[in-house]
Amino acid sequence: MDDETNHPLEPDAVDAVDVAIVGAGGAGLSLVLALERAAGRAGRSSPSVVVIDPVHRREPDRTWCWWTPTRPEPWFEPLLTAQWPALTVVDRAGTARRLDLGSYRYVMLRSGDLYAAADAALSRLAGTRKAAAVDTVTDDGDRAVVGLDDGRRIRARWVFDSRPAAPRRPGSVLLLQHFRGWTVRFDDPVLDPATATLMDFDIAQPARGVAFAYCLPIDRRRALVEYTEFSRERLPPDAYDLALRAYLRRRWDVAPGAGARIEAVEDGVIPMTDAPFARRVGRRIFRIGTAGGATRPSTGYTFAAIQRQAESVAADLIDGRVPLPPRAYPRRHLWLDAVLLRALDRGYLSGPDMFGGLFAANPPEPVVRFLDGESSLFEELALMRSSPTGPMLRATVADAVARVGRRCPRPPASLRSVVAHHWRLDRPS
Ligand SMILES: Cc1cc2nc3c(=O)[nH]c(=O)nc-3n(C[C@H](O)[C@H](O)[C@H](O)COP(=O)(O)OP(=O)(O)OC[C@H]3O[C@@H](n4cnc5c(N)ncnc54)[C@H](O)[C@@H]3O)c2cc1C
């Protein structure tokens, strides 16, 4: 909890707000920043805004990385902590493959910098910040009504809600991307700041799912080093530390206190599921961010989709259109992701082969566009051709059976069991 507001307004003034943003995390604050940019571009004033969150985040509690074209993007350029024109992917056997990203780069933004930029933007927009938890959001015809836990109510023309939310219906696969990252300061200049290690699969693998380490150098001595697992359950906290210690020892022959120092720790759990998320839950109520389906099911990447949605919503608000956030990913990407997730979860395919193979068999740019949700159909067909046919076909059939099962749960049970037996599938869900 923190201070009540940046710009205290009387409840009556807040009552007349145009835009209520529920949740001041990545999505809510990206929308504040996008609104300011859109208003500036159009030469118009921004709608009135209130941001509501019980927590006023200022510290860098997470690091956002994503791919972006190399042309300068002025708004986040000054906020970036680091950027890399090339990445390395290391396979199970320890062979490193360097990938020149061509017209793309991989960039890092620390959340504290986004929080500070959004606070400043909200202040310039004369927006309000409420330190309260939102209990309810309802439509009452002309307005949406946001109910706070202290009993206050805020009426808004449009509400953008990024509180954690359940999907519209359960999916048939739910994996967790769970990780711990250490910001490590090495005693010696052991790092190459021009190349990030995106995935190093040359580490102990879980029985189901996949694990990898990554290393994002900020300068020659400092890097974010992470242990990440895609699997059904989180590990005990010590297990992440053990994995990170093992990685530091193997890769640089250092340990915390012996050649390296841990400056910061970041933990995270990101759901990876084929379950669908709603973008509109009322006439005037929209979901944004992870709650609105911005998390890419097969990778957990979210930030780039948050930006695309924020740009679109902000432009709609300034131009007076209905500000429906666009789909975060095309349907065919979500279908491909459902197949990939199933193949990984059910063990049809090894994770290192799946992700490592994607980079090994294809030029980096289409892979990056695919992971970012921006590839063309033609590029996806080429990527699919390079993936192992048997396991992917098996996962595709299992996915199709699950979809049929969801649509008509009772009749084709015998058909489903024949198909499942033939393809040696898990029980259709
Ligand atoms: C540690 C970590 C690292 C990540 N790194 C990356 C990355 O490198 N690249 C990438 O693409 N994605 C990454 N992600 C995934 C994703 O980008 C982030 O989770 C991102 O913060 C999602 O933004 P969001 O606004 O949807 O959720 P959040 O940022 O979690 O914001 C939700 C907000 O809602 C607030 N809230 C909750 N309940 C209430 C309530 N009742 N009333 C009002 N407010 C409420 C919370 O306090 C919070 O501020 C990462 C996630 C984590 C956890």
Residue within region 168-190 that is in contact with a Lys or Arg (Cβ under 8 Å, 6 or more places away or on another chain), open to solvent by 70 Å² or more (accessible area, probe 1.4 Å) and of a type in the set (D, E) present:
yes
Pick from region 227-251, criterion among the hydrophobic types (A, V, I, L, M, F, W, C) and out of contact with any Phe, Trp or Tyr (no Cβ under 7 Å at 6 or more places or on another chain), ranking: most open to solvent (accessible area, probe 1.4 Å):
L242
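Identify all residues within region 62-79 that are closer than 20 Å to P364 by Cβ and open to solvent by less than 60 Å² (accessible area, probe 1.4 Å); write none if there are none.
C65, W66, W67, T68, P69, E73
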Check region 138-157 and report whether any residue there is surrounded by 15 or more Cβ atoms within 10 Å (Cβ to Cβ) and touching a Pro at 6+ places or on another chain (Cβ under 7 Å).
no
Within 15 Å of the ligand (Cβ to nearest atom), within 29 Å of R163 (Cα to Cα) and surrounded by 20 or more Cβ atoms within 10 Å (Cβ to Cβ): is that true of V313 in this structure?
yes
Scan region 125-137 residue by residue and report those that are in a strand (DSSP E or B) and either polar (S, T, N, Q) or surrounded by fewer than 16 Cβ atoms within 10 Å (Cβ to Cβ) (or both).
T128, D135, T136
Within region 271-302, take every residue that is open to solvent by less than 40 Å² (accessible area, probe 1.4 Å), among the hydrophobic types (A, V, I, L, M, F, W, C) and not in a helix (DSSP H, G or I) and give me the one that is farthest from the ligand (Cβ to nearest atom).
A275
Any pair with Cβ under 9 angstrom, 6 or more apart, that starts in region 37-55 at a residue that is in a helix (DSSP H, G or I) and ends at one that is of a type in the set (S, T, N, Q) and surrounded by 20 or more Cβ atoms within 10 Å (Cβ to Cβ)
A38/S46; A39/S46; G40/S46
Identify, from the list L109, L101, L114, L122, the residue that is open to solvent by less than 30 Å² (accessible area, probe 1.4 Å) and modelled with pLDDT under 95.
L101
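The values are calculated or read from the model by the stated rules, or taken from the named source; none is laboratory data. What you are looking at is a predicted structure, and each value in this text was computed from that prediction instead of being measured. Note that each Cβ is placed from the backbone with ideal geometry, even for glycine, and that neighbours are counted across all protein chains shown. All accessible areas refer to the heavy atoms of the entire protein, side chains included, with ligands and DNA or RNA removed. Shrake-Rupley method; radii C 1.70, N 1.55, O 1.52, S 1.80 Å.
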